[in-house]
Amino acid sequence: MIVAERKRIPELLNIVRAHKKVLVLGCGTCVTVCLAGGEREVSIISSALRIASRLQGVDLTVEELTIERQCDNVFIEQAAEAVERNDAVLSLGCGAGVQAIAERYHNKPVYAGLDTTFIGILEEQGIWTEKCAACGACVLHEYGGVCPVTRCAKRMLNGPCGGSREDRCEVRPELPCAWQLIYTRLKEIGQVDRLRRVTPPKNWRRSLDGGQRLIVRQDHRI
Amino acid sequence: MKQDEFEPQVLAFCCHYCAYAAADLAGTMRIQYPPNVRIIRTPCTGRLETEFFIKAFENGADGVFVAGCLEGGCHFTSGNLYARRRTEYMREMLEELGLEKERLRMVNVSAAGGHLLADHITDMVETVRKLGPSPLNTNGCENKLETAS
């Protein structure tokens, strides 16, 4: 899922202070699971904005709404009336949600209330970790299901770097060395021979290159 | 509102298994504590969400007081530990908003802590009294607490 963090309240207030009526719009999917932009966070951030605006003498009315998914037009339509009633939208969706809302309601300012951070998983209660960098050319099958692009600080495809200490990363010792994880995992599944192969340079053109990436499925086009 | 007329309004979330019983004990023992607190009994302080605290402040509470079981003594094992983390999270958020974090406090008392709870409440009320009324408390002098009859 997509993992995000809320921006700090003073920053949020600065973003919306030019408007009198603001809709704080939550999303019921990824950002609900990562406790950043679901119904509860909409309620907390709206209250926080009301308090901060009153303390600073800013005339601001905040309305709250959470829709199921901000990246899907079917659900975006459900926000139409609320968006119409307000001067601006503070979206607590991920970056995709913010842009989808802005594209649909082109005459309304739409602002991001969250910092979208990474694609990851809930490691344990209250801890989320990055697992995927969406590089566009997955190599997980070569590395026993441990991603060197995301989890190795040096993004080495032919590791290890030699700097790890007691299975810890030399760049960030609080993290495990990704290449230690790869070796252990390949050994467990009997594929350690894969490490004898030298992997050629990765094709980064499928990553953040040449602007927005696009996938077209003609078989699904109508 | 003049400072000397100000009577803080403090919302107190008290755990059913400890602080609420301690408040009851304080009453039975005829221990005096300021009448500025409005006690809400909760099944466990672990039931408290950060949302509850911010709504209380938004609606004009001058202070919010959370009283849970002693650490290690929670009836549900660890509810009071969760409440401690949520209280700390909200104290940081209060500073972000521009409110004093001292307006929110969590304490731990046992069911036998009638005196201790009364002391904690007195200290909390006096702390809030020194801070002055919450800027969000718009009721002004009319909000002055009626003395118990």
Revision key, fill the gap. Along the stretch B:29-44, Karplus-curve 3J(HN,Hα) (6.51, -1.76, 1.60; θ = phi - 60°) to the nearest Hz, with x for Gly and Pro, reads 7, 6, 8, 7, 9, x, x, 7, 8, 10, 8, 10, 7, 10, x, 5
Study note, to complete from the structure: Rounded to the angstrom and largest first, Cα extents along the principal axes for the stretch B:13-132 equal 39, 31, 19
**Study point:** Estimated inter-spin distance, A:Arg85 and A:Leu208, nm [label 7 Å along Cα→Cβ]
**Key:** 3.8 nm
Exercise for review: Report the GluC sites (Glu not before Pro) located in the stretch A:1-69 that are in a DSSP loop and have at most 16 other Cβ atoms inside 10 Å of their Cβ, or state none.
Suggested key: A:Glu68
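Let's test the formula: R0 of 45 Å, r as the Cβ-Cβ distance of B:Leu70 and A:Ala153. What FRET efficiency results, to the nearest 0.05?
Values: r = 43 Å, r/R0 = 0.96.
Taking R0 as 45 Å, the efficiency between B:Leu70 and A:Ala153 is 0.55.
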Study note, to complete from the structure: Per principal axis, largest first, the Cα atoms of the stretch A:101-222 extend in Å by 56, 38, 25
Practice item. Once every Cα of chain A carries one equal point scatterer and solvent is ignored, give the base-10 log of I(q)/I(0) from the Debye formula at q = 0.07, 0.14 Å⁻¹, two decimals. Key: -0.32, -0.93
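Take the alpha carbon gyration tensor of the protein assembly as shown, find the square roots of its eigenvalues, order them as a ≥ b ≥ c, and report rounded if a/c is under 1.5; if not, report prolate when a/b exceeds b/c, else oblate.
Details: a/c = 3.02, a/b = 1.61, b/c = 1.88.
Taking the square roots of the gyration eigenvalues as a ≥ b ≥ c, the protein assembly as shown is oblate.
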Study note, to complete from the structure: The answer for A:Thr117, listing residues at least 5 apart or on another chain whose modeled amide H is closer than 5 Å to its amide H, is A:Val3, A:Ala4, A:Glu5
Review point. With labels modelled as points extended 7 Å from the Cα through the Cβ direction, what inter-label distance (nm, one decimal) is found for B:Leu131 paired with A:Lys21?
Key: 3.4 nm
Exercise for review: Take the Cβ-Cβ distance between A:Ala137 and A:His106 as r, set R0 to 35 Å, and report the resulting FRET efficiency rounded to the nearest 0.05.
Suggested key: 0.55
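Given a Förster distance of 45 Å, report the FRET efficiency between B:Gln32 and B:Glu95 from their Cβ-Cβ distance, rounded to the nearest 0.05. All intermediate terms of the calculation are to be shown ahead of the outcome.
Working: r = 33 Å, r/R0 = 0.73.
Using R0 = 45 Å, I get an efficiency of 0.85.
Readers should treat all values here as calculations from the given coordinates under stated rules, not as data from a laboratory. Keep in mind it's a predicted model, so treat the numbers as computed, not measured. A quick note on method: Cβ atoms are made from the backbone with ideal geometry, for glycine too, and the neighbour counts reach across all protein chains shown.
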